[in-house]
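*Asks:* What follows is a structure written as structure tokens; I'll ask about it next.
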Amino acid sequence: MNAIPGQDTESGFAVEPVTRQTFDEVMVPTYAPSSMVPVRAQGLNLWDQEGKQYLDFTAGIAVTGLGHSHPAVVEALRTQADKLWHAGNGYTNEPVLQLARALTEATFADRAFFSNSGAEANEAAFKLARKYAHAKFGPHKSRIVSCLNSFHGRTLFTVSVGGQSKYTEGYEPLPAELLHVPFNDIEAARAAITDEVCAVVVEPVQGEGGVMPADPAYLKALREFCNARGALLIFDEVQCGMGRTGKLFAYMGYGVTPDILTSAKALGNGYPIGAMLTTETIAAVFTPGAHGTTFGGNPLATAVALRVLQIINTPAFLARVNQMAQYLVGKLAVVVRDYPKMFSLVRGSGLMLGIVLADQYLGKAKDIVKSAEAHGLMLLIAGPDVVRLLPALVVSEEQIDEGISRLRQAIDAVIEPTSVNQ
Ligand SMILES: *Cc1c(COP(=O)(O)O)cnc(C)c1O
């Protein structure tokens, strides 16, 4: 029997130990990671190189919705890993068709396109909107309206559509015909959505922009204006979708249906995958060759995402998310009440929550997150003035209690730095 090349060389693959210091030596410095290096995680527990345990209230930025290493998801990946990893888009495959069927049955959509990230799902959505308007109305209808403070990804197109100029500075020239309007401002949207507009894109709950839910009246107004002007309404649910708000997708809670919806982050629970969902009519302009990606719809990613969707999209699972969200909001409201000089309010939707800093502590979200990490709690910021909590959707009351206890210790240490002895 002929050996498979590489099969008998396990001992030849030894690697040198690495630390946080190694990052500065070998990585392009696009990130400034924490000094702790995670090595293992299970559920909401995570351990670093030193064996210190953390309670993870970030879920890898709303990615590991089912917690780390969910057994059923690991099983789906293992099973698919033994069958087929990749064949390319010259062939379809069983998991991708099963996932597309499940997503279209669960939502307004009739058709799915798969990508590898949120940015690519949005890139596909924006290209589709342009192409649809071009085919239906002509090239003059090309403007995309989006919201200030929004975030849609980091490719040049998506970062330009996103409404935070700090992310586009230095990358000019930027794509043209993009217009930004203030979020939740109906009159500004009315004025901006003219006949030149091919699409309006909005996050039903802004994530990076400060954990800010859209007003129901705002999304309803966007729907009306889009209908009146023949523009497509795109909901970016990359962060707020997949059960995060207590509905499978946030639009279901608003009762406003988009023409295109994008998903990613929690869709693969940590296995990279994004999706763009739309109607049959709109999808029809993406004819063979109009758009594509090598890895999108890959069998490993889609087998994992199918299992994730099956678990999240049940009434019992989503009811439990809402229950835990209520419990966590209640606890956070007490924290805000106990520290009125530090915090002004809790806002968000479901298990996508932000505590907003008050005057005296404006700009200090990073310090609180850093202190929380020292006290064994992983948190995020959403801009300089908001501490963001995105625990896995499977979080328990006990874990919320423990997280709140660690948060209080972290806050006390920020208020009185001398009380930290470590
Ligand atoms: C994270 C995020 C993106 C970008 O997703 P990537 O996978 O990082 O490309 C887009 N939109 C929203 C709302 C996000 O939160």
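*Asks:* CYS198: assigned to a strand (DSSP E or B), away from the ligand (no atom under 16 Å from the Cβ) and either open to solvent by less than 50 Å² (accessible area, probe 1.4 Å) or more than 24 Å from MET352 (Cβ to Cβ) (or both), yes or no?
*Replies:* Details: assigned to a strand (DSSP E or B): yes; away from the ligand (no atom under 16 Å from the Cβ): yes; either open to solvent by less than 50 Å² (accessible area, probe 1.4 Å) or more than 24 Å from MET352 (Cβ to Cβ) (or both): yes.
Against the criterion (assigned to a strand (DSSP E or B), away from the ligand (no atom under 16 Å from the Cβ) and either open to solvent by less than 50 Å² (accessible area, probe 1.4 Å) or more than 24 Å from MET352 (Cβ to Cβ) (or both)), CYS198 qualifies.
*Asks:* Test TYR254 against the stated conditions and say whether it is over 23 Å from VAL159 (Cβ atoms) and within 15 Å of the ligand (Cβ to nearest atom).
*Replies:* The answer is no for TYR254.
*Asks:* Another question, then. For segment 130-145, how many residues are open to solvent by 50 Å² or more (accessible area, probe 1.4 Å) and outside any loop (DSSP other than H, G, I, E, B)?
*Replies:* Total meeting the criteria: 6.
*Asks:* Same structure again: Being within 24 Å of LEU379 (Cα to Cα) and either among the β-branched types (Val, Ile, Thr) or without any contact (Cβ under 8 Å) to a residue 60 or more places away in the chain (or both) is the requirement here; does GLN7 meet it?
*Replies:* Criteria not met by GLN7.
*Asks:* Further question on the same structure: Which condition number in (1) open to solvent by 30 Å² or more (accessible area, probe 1.4 Å); (2) closer than 28 Å to VAL256 by Cβ; (3) touching a residue at least 12 places away in the same chain (Cβ under 8 Å) is the one that ALA87 fails?
*Replies:* The number of the failed condition is (2).
To keep it simple, each residue is scored yes or no on (1) assigned to a helix (DSSP H, G or I); (2) buried (at least 16 other Cβ atoms within 10 Å of the Cβ).
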position	(1), (2)
PRO288	no, no
GLY292	no, no
ALA305	yes, yes
LEU309	yes, yes
LYS331	yes, yes
VAL335	yes, yes
GLY348	no, yes
GLU373	yes, yes
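*Asks:* Go through the residues of segment 119-129 one by one and say whether even a single one is within 23 Å of SER165 (Cα to Cα), within 13 Å of the ligand (Cβ to nearest atom), surrounded by fewer than 24 Cβ atoms within 10 Å (Cβ to Cβ) and aliphatic (A, V, I, L, M).
*Replies:* yes
*Asks:* Another question, then. Among (1) out of contact with any His (no Cβ under 6 Å at 6 or more places or on another chain); (2) more than 21 Å from SER263 (Cβ to Cβ), there is one condition GLY60 misses while meeting the rest; what is its number?
*Replies:* For GLY60, the exception is condition (2).
*Asks:* Follow-up question, since we're still on this one. Of these, THR155, THR168, THR194, which one is within 18 Å of ALA125 (Cβ to Cβ) and of a type outside the set (Gly, Ala, Ser)?
*Replies:* THR155
*Asks:* For the structure I just gave you, tell me whether THR281 is open to solvent by 70 Å² or more (accessible area, probe 1.4 Å), part of a helix (DSSP H, G or I) and of a type in the set (Val, Ile, Thr). Even if it seems obvious, please write down each step before you answer.
*Replies:* Working: open to solvent by 70 Å² or more (accessible area, probe 1.4 Å): yes; part of a helix (DSSP H, G or I): yes; of a type in the set (Val, Ile, Thr): yes.
So THR281 passes the test.
*Asks:* Just name the residue that is farthest from ILE144 (Cα to Cα) out of those in segment 95-118 that are assigned to a loop (DSSP other than H, G, I, E, B) and within 15 Å of the ligand (Cβ to nearest atom).
*Replies:* My answer is ASN116.
*Asks:* Can I ask one more? Which members of segment 359-371 meet the condition of being out of contact with any strand residue (DSSP E or B) (no Cβ under 6 Å at 6 or more places or on another chain) and either over 20 Å from LYS341 (Cβ atoms) or open to solvent by less than 50 Å² (accessible area, probe 1.4 Å) (or both)?
*Replies:* Listed by number, the residues that qualify are TYR361, GLY363, SER371.
*Asks:* Would a scan of segment 146-164 turn up a residue that is away from the ligand (no atom under 15 Å from the Cβ) and open to solvent by 40 Å² or more (accessible area, probe 1.4 Å)?
*Replies:* No, the conditions are met nowhere in segment 146-164.
*Asks:* Between a first residue in segment 202-226 that is open to solvent by less than 10 Å² (accessible area, probe 1.4 Å) and a second residue that is part of a helix (DSSP H, G or I) and within 12 Å of the ligand (Cβ to nearest atom), which pairs have beta carbons less than 6 Å apart while being 6 or more apart in sequence or on different chains?
*Replies:* Note: pairs meeting the criteria are PRO204/ALA250; VAL205/ALA250.
The values are calculated or read from the model by the stated rules, or taken from the named source; none is laboratory data. The structure presented is a predicted model; accordingly, all values stated were derived computationally and were not measured. Note: ideal-geometry Cβ built from the backbone for every residue, glycine included; neighbour counts use all protein chains shown. Ligands, DNA and RNA are excluded from the accessible area calculation, which covers all protein heavy atoms including side chains. Shrake-Rupley method; radii C 1.70, N 1.55, O 1.52, S 1.80 Å.
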